[in-house]
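Undergrad: After the structure tokens below, expect a handful of questions from me.
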Amino acid sequence: HPTEAVLELARQPGVVVTGSVPDVRPWLAHAACAVAPLRIARGVQNKVLEAMAMARPVVASAQAAEGIRAEAGRDFTLALGEADFAHAVVAQLQVVSSAAPARDCILAHYDWARNLSTIDPLFEQAAVVPPILETCPA
């Protein structure tokens, strides 16, 4: 749920505040860039991964990018503080840049088939029935 301050931004020309949407992809497909100014984050932020997977330029805080296997400056823009965010977003809006490296990064590190293939042998090992252990007489 957007805060009152965020809802106020919708009064500016060209700003749309949606709140929650059932599928973020149509919105990302039309976005000039994705912004993740999180101050507190726990775990990998899917919103950043989704934007990178859709080859959208991403401007993210250190907290939003934490745990993501990507390189700042190549796969996304790291912004530290409000002024840095503003500058980075304006810079993204002024240039037509490709976020193909970000998508390539996602395909290289977050591909389900590739990641699950490393887990399959572990399941196979776990499925092997261990030999019956001898018990100590009581």
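Read-outs throughout are calculated quantities, based only on the coordinates presented, and are distinct from any laboratory measurement. Model, not experiment: these values are computed from the prediction. Don't worry about glycine lacking a Cβ; one is built from the backbone with ideal geometry, like all the others, and counts go over all protein chains shown.
Undergrad: Among the chymotrypsin sites (Phe, Trp or Tyr not before Pro) in the range 34-138, which ones are in a DSSP loop with at most 16 other Cβ atoms within 10 Å of the Cβ? Mind listing them?
TA: Values: sites: 76, 85, 110, 112, 123; in loops: 110.
Passing sites in the range 34-138 are 110.
Undergrad: In debye to the nearest 20, how big a dipole does the range 22-111 give about its Cα centre with +1 on each Lys and Arg Cβ and -1 on each Asp and Glu Cβ? Don't skip to the answer; put the middle values down first.
TA: Values: 8 positive and 9 negative charges, 22 e Å.
In total the dipole reaches around 100 debye.
Undergrad: For the chain, take the longest principal axis of its alpha carbons; what is the angle in degrees between that and the long axis of helix 82-94, to the nearest 10 within 0 to 90?
TA: 80 degrees
Undergrad: While we're here: Where does helix 100-109 land angle-wise versus the long Cα axis of the chain, in degrees 0 to 90, nearest 10?
TA: 10 degrees
Undergrad: Which option, (1) 8.7; (2) 14.1; (3) 9.2, is the value of mean projected area of the Cα convex hull in nm² that was calculated from these coordinates?
TA: Among (1) 8.7; (2) 14.1; (3) 9.2, the one derived from this structure is (2).
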